[in-house]
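S.K.: The structure's right below; bear with me while I get my questions together.
The values are calculated or read from the model by the stated rules, or taken from the named source; none is laboratory data. These numbers come from a predicted model, not from an experiment. A quick note on method: Cβ atoms are made from the backbone with ideal geometry, for glycine too, and the neighbour counts reach across all protein chains shown. Accessible surface is based on the protein model in full, side chains and every heavy atom, while ligands, DNA and RNA are left aside. Shrake-Rupley method; radii C 1.70, N 1.55, O 1.52, S 1.80 Å.
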Amino acid sequence: MVWLYEKYGEPETVPVTQRDGKPLPPNAPASAVLPLYLGKDAEEFLLSDAHVLLSDFGEAFAPDLEVRRGEDCHTPLAKRPPEARFEPQAPLSYSADIWSLATTIWEILGMKAIFSSEFATADEVVSQHIDALGPMPLNWWERWAERSQFFDDNGRPKEGRYVWPPIDKAFEEGVQKYRRKLRANEFDMVETAAILDLMRRMLVFRPEERPTADMVLQSEWMVKWVLPDFHRSLQMK
């Protein structure tokens, strides 16, 4: 952000008002920041143009050096790993980041996130996990007191509620259709299979069953598609 200010100046703001002229509610911001133009349209930027600045807002920690329990996980709800909810006293591990990374990759690839916390409670997000990925571990299921709001005694979704699509259908609806609409490169069947294989392995309910970061980098999708594309983008600089 400091680099942006130095290069382009302070962001321009405009006052926020209501159409009827009434005072703003207390939770509404008094001003809005106008979008910043960086010299070219977003679709013209290359990966090599990026100057990434990581900021953890005090949330980053090394599980080898510091214990942070699931109940203290502040990852946004839609990206929060399920063990934070169902193993609140257990220490979070690096595998928590693998779950969050999978949801982030999915959102980058397409238009619709695989899980969403918009107007959704924590229990509704849990139901999304089960809809998309299948049954959760039995001891978690039995511990989830609110399950009857979403599923019957046989684990089937209750009639009348929106059921999130399974992961393969979610990919078609939220990624492929979006890319066709924008005339972007649609993933062929082989790459799609590689992506879904990695996503399924990263989005395993049990944290100890998820791949490590090294295993993710060695996955078929990373080796055959992502890393070669990354290296080509560097050469285009």
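S.K.: For R69, enumerate residues with amide H under 5 Å from its amide H, sequence gap 5+ or separate chain, H modeled in the peptide plane.
M.R.: L92
S.K.: Counting only heavy atoms of the protein chains, get the accessible area per residue of the chain (1.4 Å probe) and round it to a whole Å² value. Don't jump to the answer; show the numbers that get you there.
M.R.: On the way: 16090 Å² over 237 residues.
Here the residues of the chain average 68 Å² of exposed surface.
S.K.: Next question. Mind telling me which of H51, H129, H74 comes out most flexible in a GNM of the chain, alpha-carbon contacts under 10 Å?
M.R.: Highest fluctuation of the listed residues: H51.
S.K.: What residues qualify as long-range amide H neighbours of F151, i.e. H under 5 Å apart, gap of 5 or more or another chain, H built at 1.01 Å from N?
M.R.: Counting only residues 5 or more places away or on other chains, the set is K158.
S.K.: Of P26, L203, A170, which is farthest along the charge dipole of the chain in the positive direction, counting Lys and Arg as +1 and Asp and Glu as -1 at C-beta?
M.R.: Farthest towards the positive pole: A170.
S.K.: Quick one: of K22/K177; K158/K224; K22/K158; K169/K224, which pairs are farther than 31 Å apart, Cα to Cα? Mind showing how you got there, number by number?
M.R.: On the way: K22/K177 41 Å; K158/K224 41 Å; K22/K158 42 Å; K169/K224 23 Å.
Where the Cα-Cα span goes over 31 Å, the pairs concerned are K22/K177; K158/K224; K22/K158.
S.K.: Something else about it: Looking only at P135, P35, P88, which one moves most when the chain is put into a Gaussian network model with springs between Cα atoms under 10 Å?
M.R.: P35
S.K.: Here is a further query. Ignoring everything but the protein chains, give the 1.4 Å probe accessible area of F45 in square angstrom, nearest 10.
M.R.: 70
S.K.: Share of Cα-Cα pairs in the range 82-157 beyond 19 Å, in percent?
M.R.: On the way: 1162 of 2850 pairs.
Of the Cα pairs, 41 percent sit more than 19 Å apart.
S.K.: Take the alpha carbon gyration tensor of the range 41-235, find the square roots of its eigenvalues, order them as a ≥ b ≥ c, and report rounded if a/c is under 1.5; if not, report prolate when a/b exceeds b/c, else oblate.
M.R.: Note, shape of the range 41-235 comes out oblate.
S.K.: Gap in Å between the Cα centre of the range 21-37 and the Cα centre of the range 131-162?
M.R.: What the calculation gives is 40 Å, centre to centre.
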